[in-house]
Amino acid sequence: MPGIDQSSTFALGDRDVKRLGYGAMQLAGPGVFGPPRDHAAALAVLREAVASGVDHIDTSDFYGPHVTNQLIREALAPYPDKLVIVTKIGAQRGQDGSWNPAFSPEALTRAVHDNLRNLGLDVLDVVNLRLMFSVHGPAEGSLEAPLTVLADLQRKGLVRHIGLSNVTPTQLAEGRRIARIVCVQNQYNLAHRGDDALIDALARDGIAYVPFFPLGGFTPLQSSTLSDVAARLGATPMQVALAWLLRRAPNILLIPGTSSVAHLRENLAADKLHLPDDSLKALDSIAGAGSA
């Protein structure tokens, strides 16, 4: 793995952002549904993130639904000039908290307007189209119809830049024939490395890759190797996982989420964590061993 400046920036649309951002998903209630357990604490995390230099926040109006966007607006509006807010559309929540596809032109258009209203914006910086052909991961299927709707909303001035989430390389290629794609947001971490080739290809084209679930998400990665490396370095497993991702490729932007100011500060310290060669070799071995 080459020596990459972990604290550098990378282009996201027409802006250069710091590579370590913040994901707002965990600010909603349990299961990303309903209000936060502690409203004041959620506002404090958002304000601390921006005060600490975070200039890239990831959210969606289907988190809650509406909850995280409303919290972001309450905590941060009027927004700092350098802050880039990235949202996503393509899903909606059932009354039972289920995640359901929402690909019709009406649903996509409504989602963009919901994001604008709840964030208090006139235009969205970046909108990711979240594909829902499978809830378990990327699955093939044409994205032409929904992406054409999003591209039309971009032409109308409601969206500055477009990204894709939960996509295959085939879908990315199809998408790039329809609109300029500025980022891809897929699951990727130490043990889940199916996008290795895609990350490198995107880096060559100057497109950001934003991995979600850096420690496994709803089913956390259980790795004695990761824990051992963290113990040797005097760091947390999350810090080590984030530092590894920052070293993996220069186009990786991170959006670790937390509802705790203390955990936020720990996460943001990951860009200062040096991973020695022996630690990198041990961490790289996790992908081949599964849950080591």
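Residue-level check: of (1) open to solvent by less than 20 Å² (accessible area, probe 1.4 Å); (2) in contact with an Asp or Glu (Cβ under 8 Å, 6 or more places away or on another chain); (3) farther than 16 Å from L124 by Cβ, P80 misses just (1).
Could you tell me whether region 78-86 includes any residue that is touching a Cys at 6+ places or on another chain (Cβ under 9 Å), at pLDDT 95 or above and not acidic (D, E)? So far as region 78-86 goes, yes, one or more of its residues are touching a Cys at 6+ places or on another chain (Cβ under 9 Å), at pLDDT 95 or above and not acidic (D, E). If only residues of region 110-136 that are of a type outside the set (A, V, I, L, M, F, W, C), surrounded by fewer than 21 Cβ atoms within 10 Å (Cβ to Cβ) and closer than 22 Å to T168 by Cβ are counted, the one that is modelled with the highest pLDDT is S134. Within region 137-171, the set of residues being among the β-branched types (V, I, T) and in contact with a Ser or Thr (Cβ under 8 Å, 6 or more places away or on another chain) comprises V149 only. From A40, A11, A75, which residue is open to solvent by less than 20 Å² (accessible area, probe 1.4 Å) and either in a strand (DSSP E or B) or without any contact (Cβ under 8 Å) to a residue 40 or more places away in the chain (or both)? None of the others qualify; the one that does is A75. For region 270-288, filtering for residues that are under 18 Å from the mean Cα position of the chain (by Cα) and aliphatic (A, V, I, L, M) leaves 1. Inspect region 87-96 for any residue being of a type outside the set (K, R), at pLDDT 95 or above, in contact with a helix residue (DSSP H, G or I) (Cβ under 6 Å, 6 or more places away or on another chain) and outside any helix (DSSP H, G or I) and give the result as yes or no. Yes, the conditions are met somewhere in region 87-96.
Out of the residues in region 145-175 meeting the condition of being of a type in the set (S, T, Y) and over 23 Å from R15 (Cα atoms), tell me which one is most open to solvent (accessible area, probe 1.4 Å). The residue in question is T170.
For L242, the conditions (1) touching a residue at least 12 places away in the same chain (Cβ under 8 Å); (2) open to solvent by 20 Å² or more (accessible area, probe 1.4 Å); (3) in a helix (DSSP H, G or I) all hold with the exception of (2). Look at L253 and say whether it is touching a Cys at 6+ places or on another chain (Cβ under 8 Å) and open to solvent by less than 30 Å² (accessible area, probe 1.4 Å). Yes: the conditions hold for L253. Residues that are farther than 21 Å from A41 by Cβ, touching a strand residue (DSSP E or B) at 6+ places or on another chain (Cβ under 8 Å) and touching a residue at least 40 places away in the same chain (Cβ under 8 Å) occur in region 92-101; there is at least one.
Residues of region 111-128 that are without any contact (Cβ under 8 Å) to a residue 40 or more places away in the chain and more than 24 Å from R180 (Cβ to Cβ): R117 alone.
Residues in region 256-279 that are over 30 Å from L71 (Cβ atoms) and open to solvent by less than 10 Å² (accessible area, probe 1.4 Å): L275, S279. Sub-6 Å Cβ pairs linking a first residue in region 152-172 that is at pLDDT below 95 to a second residue that is buried (at least 23 other Cβ atoms within 10 Å of the Cβ), at least 6 apart or interchain, number zero. Remark: V229 falls outside the filter, which requires a residue to be at pLDDT 95 or above and outside any helix (DSSP H, G or I).
Filtering region 188-226 to residues that are outside any loop (DSSP other than H, G, I, E, B) and of a type in the set (S, T, N, Q) leaves S224, T225. Quick check, is A107 touching a helix residue (DSSP H, G or I) at 6+ places or on another chain (Cβ under 6 Å), open to solvent by less than 20 Å² (accessible area, probe 1.4 Å), among the small types (G, A, S) and without any contact (Cβ under 8 Å) to a residue 40 or more places away in the chain? Spelling it out, it is not the case that A107 is touching a helix residue (DSSP H, G or I) at 6+ places or on another chain (Cβ under 6 Å), open to solvent by less than 20 Å² (accessible area, probe 1.4 Å), among the small types (G, A, S) and without any contact (Cβ under 8 Å) to a residue 40 or more places away in the chain.
The values are calculated or read from the model by the stated rules, or taken from the named source; none is laboratory data. A quick note: this is a predicted structure, and the numbers were derived from the prediction, not measured. Cβ coordinates were reconstructed from backbone atoms using ideal geometry, including for glycine residues, and neighbour counts include every protein chain displayed. When the accessible area is computed, the model is the full protein with side chains, heavy atoms only, and any ligands, DNA or RNA have been set aside. Shrake-Rupley method; radii C 1.70, N 1.55, O 1.52, S 1.80 Å.
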